[in-house]
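The structure appears below as structure tokens.
The values are calculated or read from the model by the stated rules, or taken from the named source; none is laboratory data. Small disclaimer: the values here were computed from a predicted structure and weren't measured. Every residue, glycine among them, receives a Cβ derived from its backbone with ideal geometry; neighbour counts consider all protein chains shown.
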């Protein structure tokens, strides 16, 4: 698979899904809130005009907020006109406070407003899109986010949930939608008009529009659509077929699809959002053929987990891990056991790159915000569901999920609710399992000591060994494999203490012991299983960035790259200071980084990457070509690698031909934390990989005869 495509796949798989954040925490005095919005959008001029009829049950003082770019032209409560000037304006948000007389009763609020949206900013990279972006409009695409924590394009009340209907009015060449059921659509007087309704509890309204060509099929009573830009409209049939297959798959596994339709909407931005009834994916992503067999299923599954059963964020986001397990990991299991094991190994290596004490328990994970939160909230969480399935068996596991879905549909659920579902289906008490994996941070680290082989009469042997784990101890079922003179023996042993001895009777002399060779346990793997990776430096808050050389422009670019690459604010020094003792990020030109490594007795450029590079002589008589390719060069404009220092810490070296080559790494490099080395040609990866790691094996000493 092309490395450039892998970046895009990474962007989608790690995207922040617009899943429901849990129906909780609103003003208890407000209930039964419903928006009836009429929205007229002019993408060419970024103008929005709207009317909203809000019905609700409430009493006392209530408030609503609207983005400060909007002007309210009329406001009335129960037929009585109110001042249109907001009660408060702060940080781009206008707030109105309303006094309701008497006991709780039914009220109707009517308002009209208009304003200017931001123009579409196609310069945004994926990380910026994952942040809180404003409502934007353009003829190539408009995105008005639900805006739970920023200026909103529609009136937002402090309520736990609401229902809505939205009528859209767009230019004839535009099409638009919001999450929900399409009630009707038509062209009238040169305008596209559509009406949607969402009757389930919702926390926000996303509005999408663009120059879309719509393709529709009906499948098992469900309306399936693609809203694609003209340049990718030919992909519609394949995507519609894939949607049908995923819906059938998860309907069989979990239960009925909870909505009336599902749509894929293309975006001019590098988005990867999943919302109720739809997913919003970048045009460049949708062009990739493997997206239909990977990320699309993940986004569709969120209509069950996250958008169908809501997340109790106060006690931890379980939906990302469960979706990753039932989608991303399940697809690898379909490909074969080796592919599934490779994914488990990558997850364990990613976790091992987090310094001890720098992760968080799953009970505190809400959404992905950086590398560490993704590793915990997606990968560790998915691993826990794997261990749970191994423990109680697939029939009980699947039965628990079906019952959980049936009981919690359109309700908020927590890890505790999942625990009860699995306990009911399996008949087991899972208190210890969920306590140690959900409430505790970290992971156990396993080791073997005191190996001994004792012969018995008749050719049998007693194999003795002690397993140890880091404190405080986990309650584990540890797979062990013993290689003997005649074959292999596999056992599952209980480990509940920090140090626990075992004796096994074997038919032949034991030679070696392996702990969890198939990686069925979530654990902190050994150094023998952990090659140096870029991520080890990226996630460590103590990493020191050293800029080799004195060029001011290079220093500026290096600081920008470090800011994108590291999870924490970079701590930057130059090569004139003493060598720090921790994890290092060294950035500079080829000559300057080579000199720095030699001066401080750090590992030199690996032989695998030591080929010809841009801007350096490659053969006798050749000359440097400023800003261009040296004759015979083959290794790209920049190379990046991770190596282990003598003290065991990791150094990552970013070595570029010049400042321009370094600048080209700022966007792509942060997405390759799982690699050990890369070679770039400008911003394109032309070579990448992970250094070999053989795994840990413990040897039995020769038995006394």
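Within region 149-207, the residues that satisfy the criterion of being at pLDDT below 95, closer than 18 Å to residue 40 by Cβ and not in a strand (DSSP E or B) are 152, 189, 190. Does residue 262 satisfy the criteria of being within 24 Å of residue 141 (Cα to Cα) and in contact with a helix residue (DSSP H, G or I) (Cβ under 7 Å, 6 or more places away or on another chain)? Judged against the criteria, residue 262 is a match. Scanning region 583-593 turns up one or more residues that are more than 30 Å from residue 356 (Cβ to Cβ), more than 35 Å from the chain's Cα centre (by Cα) and at pLDDT 90 or above.
Can you give me the ranges of the strands (runs of 3 or more DSSP E) entirely in region 23-128 with at least 3 residues that are within 29 Å of residue 312 (Cα to Cα)?
31-42, 47-67, 93-116
Hey, any hits in region 140-153 for a residue that's in contact with a strand residue (DSSP E or B) (Cβ under 8 Å, 6 or more places away or on another chain) and farther than 30 Å from residue 666 by Cβ? Yes - at least one qualifying residue is present in region 140-153.
In region 678-701, of all residues being assigned to a loop (DSSP other than H, G, I, E, B) and touching a strand residue (DSSP E or B) at 6+ places or on another chain (Cβ under 6 Å), the one that is modelled with the highest pLDDT corresponds to 700. Can you find a residue that is closer than 18 Å to residue 392 by Cβ, part of a strand (DSSP E or B), outside the structural domain of residue 348 (by TED's automatic domain parsing) and in contact with a strand residue (DSSP E or B) (Cβ under 7 Å, 6 or more places away or on another chain) anywhere in region 438-456? No - not one qualifying residue is present in region 438-456. Of the strands (runs of 3 or more DSSP E) that lie entirely inside region 232-327, those containing 2 or more residues that are modelled with pLDDT of 95 or more and within 24 Å of residue 145 (Cα to Cα) span 261-267, 278-282. Residue 443 meets the conditions (1) out of contact with any helix residue (DSSP H, G or I) (no Cβ under 7 Å at 6 or more places or on another chain); (2) under 17 Å from residue 352 (Cβ atoms) in every case but one. The failed one is (1).
Picking from residues in region 388-405 that are out of contact with any strand residue (DSSP E or B) (no Cβ under 8 Å at 6 or more places or on another chain) and under 14 Å from residue 256 (Cα atoms), the one that is surrounded by the most Cβ atoms within 10 Å (Cβ to Cβ) is 401.
Within region 348-386, which residues are part of a loop (DSSP other than H, G, I, E, B), at pLDDT below 90 and over 20 Å from residue 471 (Cα atoms)? 366, 367, 368, 369, 370 - these are the residues of region 348-386 that are part of a loop (DSSP other than H, G, I, E, B), at pLDDT below 90 and over 20 Å from residue 471 (Cα atoms). Of the residues making up region 28-48, just one is out of contact with any strand residue (DSSP E or B) (no Cβ under 7 Å at 6 or more places or on another chain) and modelled with pLDDT under 95, namely 28.
The set of residues in region 410-431 being surrounded by fewer than 17 Cβ atoms within 10 Å (Cβ to Cβ) and either within 14 Å of residue 305 (Cβ to Cβ) or not assigned by TED's automatic domain parsing to the domain that holds residue 315 (or both) consists of 410, 411. Do the conditions hold for residue 332, that is, is it part of a helix (DSSP H, G or I) and either assigned by TED's automatic domain parsing to the domain that holds residue 517 or buried (at least 22 other Cβ atoms within 10 Å of the Cβ) (or both)? For residue 332, the condition - part of a helix (DSSP H, G or I) and either assigned by TED's automatic domain parsing to the domain that holds residue 517 or buried (at least 22 other Cβ atoms within 10 Å of the Cβ) (or both) - is not met.
The set of residues from region 565-589 being surrounded by fewer than 20 Cβ atoms within 10 Å (Cβ to Cβ) and outside any loop (DSSP other than H, G, I, E, B) comprises 571, 572, 573, 574.
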